[in-house]
Every structure is written in C-alpha cells, then in structure tokens.
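These notes are about the structure you will find just below.
The values are calculated or read from the model by the stated rules, or taken from the named source; none is laboratory data. It should be emphasised that the depicted structure is a prediction, and the values quoted were computed from it without experimental measurement. Here Cβ is always computed from backbone atoms with ideal geometry, including for glycine, and neighbour counts include all displayed protein chains.
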Amino acid sequence: MLASFDDISEVISIYHNLIGTPGCTWSLDYPTIEIVKADIESRSLYILKDDSRIIAVAAAGAFDELNHLQWKLRNLCELARIGVISTMQRQGIGTLILHNVINAVKAKGFDGIRMLVSKTNPAALALYEKNGFERCGETFIYDIHFYCYQLVFESDKVYFRV
C-alpha cells in the first residue's frame with residue numbers, strides 16, 4: 001500500500017531505528033523527512049502494516065539517481081530505502097514488501113528494478129539474491145562500496161502478494 005502524509009513520523013522512526021544495525025548505511029542525515037515527503041508526493045513510498053502499525057517501508061520509482069550507471073534496460077525504476085522494523089526481521093517481511101513493490105511498479109509499466117546494495121549488508125544481499133535480483137556491477141559513491149543489482153521483469157510472472 002502507498003504511504004500517506006499521516007505515515008511520515010512512523011516511517012522516519014523506522015529509518016532512524018535501523019541506523020547502526022549491521023550493514024545499514026543510513027544516518028540522521030539520510031533518509032530525511034524531505035525525502036519521505038517527496039517519496040509520498042511522487043506515489044513512490046510503499047508500506048506494509050501489521051494491524052495498525054507500519055512494519056516495513058520501501059521507496060520505488062523513477063528517481064533517476066542511478067542513471068549514470070550501466071544497466072541492461074532503460075525503463076527500470078529504482079528501489080531504495082527499504083527497511084523492516086527490527087522486531088520483525090528474519091520473518092519474511094522483507095520478501096513480502098519486496099514482492100508487493102515489484103507487483104506495484106510492474107503495474108505502473110516499468111520493465112524492472114535497479115538498486116544499490118551495500119557490500120557490508122549481508123541480510124539485504126541475501127534478500128535480493130533469493131528473490132531473483134542479478135548482481136550486475138559495483139560502484140563507489142556516497143563514500144560507500146555498493147553492488148549494483150537489477151531485476152528484469154518476466155512479462156507473465158506475478159510475484160506473491162499479501
């Protein structure tokens with residue numbers, strides 16, 4: 001489901017609570033409230049709820065932050081800022097929100113997803129590889145070493161959704 005402006009404080013809380021966890025490259029300077037607002041305005045911020053609380057968040061859209069890197073396809077959206085609250089990690093929640101986001105952006109007409117994953121984030125690397133993302137390069141930006149990943153959509157495949 002898409003996030004609304006009412007979700008901003010809860011989303012920022014999730015982002016801030018993940019700072020300092022193994023592999024997390026975020027800080028109090030990123031992601032910011034302004035980024036969250038822009039993601040909501042562009043209808044690019046997705047949330048997963050358990051009853052009334054947000055348990056996972058992900059941004060996916062035409063951010064054009066990674067256009068300078070080499071990719072197989074040109075109509076790829078970018079996946080960024082994906083996080084699961086710490087008490088719900090390692091329970092398949094990352095896969096659930098990932099599949100929901102994949103279905104949503106596929107329905108918007110994108111032919112795949114591209115993203116950067118920190119080389120020091122083994123949980124994220126495992127999540128994307130188990131869900132069919134292909135490692136297609138490496139880069140060093142924002143003072144961080146990243147792997148480049150992409151998922152090219154198969155036209156007839158529907159991903160699991162909740």
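Can you pull out the residues in the stretch 18-36 that are of a type outside the set (A, V, I, L, M) and surrounded by 14 or more Cβ atoms within 10 Å (Cβ to Cβ)?
Start the filter on the stretch 18-36 by keeping residues that are of a type outside the set (A, V, I, L, M), which leaves 20-27, 29-32, 34.
Listed by number, the residues that qualify are G23, C24, T25, W26, P31.
Among the residues of the stretch 63-90, which ones are at pLDDT below 85 and either of a type in the set (A, V, I, L, M, F, W, C) or under 20 Å from R135 (Cβ atoms) (or both)? Show your work before the answer.
Within the stretch 63-90, the first condition is being at pLDDT below 85, and the residues that meet it are 63-76.
Selection gives F63, E65, L66, N67, H68, L69, Q70, W71, K72, L73, R74, L76.
How many residues does the stretch 112-139 contain that are among the charged types (D, E, K, R) and either crowded, with 17+ Cβ neighbours inside 10 Å or within 18 Å of C24 (Cα to Cα) (or both)? If you could, list the steps in order and put the result at the bottom.
The initial filter retains those residues of the stretch 112-139 that are among the charged types (D, E, K, R), namely 114, 119, 129-130, 134-135, 138.
Those still in the list that are either crowded, with 17+ Cβ neighbours inside 10 Å or within 18 Å of C24 (Cα to Cα) (or both) too: 114, 119, 129, 138.
Total satisfying the criteria: 4.
Somewhere in the stretch 110-122, is a residue within 17 Å of I19 (Cβ to Cβ) and at pLDDT below 90?
no
Could you give every pair whose Cβ atoms fall below 8 Å, whose first residue belongs to the stretch 128-149 and is on the phi < 0 side of the Ramachandran plot, and whose second residue is exposed (fewer than 15 other Cβ atoms within 10 Å of the Cβ) and β-branched (V, I, T), counting only separations of at least 6 or pairs across chains?
H145/T120
If I ask for residues that are free of Cβ contacts under 8 Å to residues at least 24 places away in the same chain and charged (D, E, K, R), which ones from the stretch 11-62 would you list?
If the condition is that a residue be free of Cβ contacts under 8 Å to residues at least 24 places away in the same chain and charged (D, E, K, R), then D29, E34, E41, D51 are the ones that fit.
Test I102 against the stated conditions and say whether it is buried (at least 18 other Cβ atoms within 10 Å of the Cβ), under 21 Å from P31 (Cα atoms) and under 15 Å from the mean Cα position of the chain (by Cα). Give the derivation first.
Values: buried (at least 18 other Cβ atoms within 10 Å of the Cβ): yes; under 21 Å from P31 (Cα atoms): no; under 15 Å from the mean Cα position of the chain (by Cα): yes.
Judged against the criteria, I102 is not a match.
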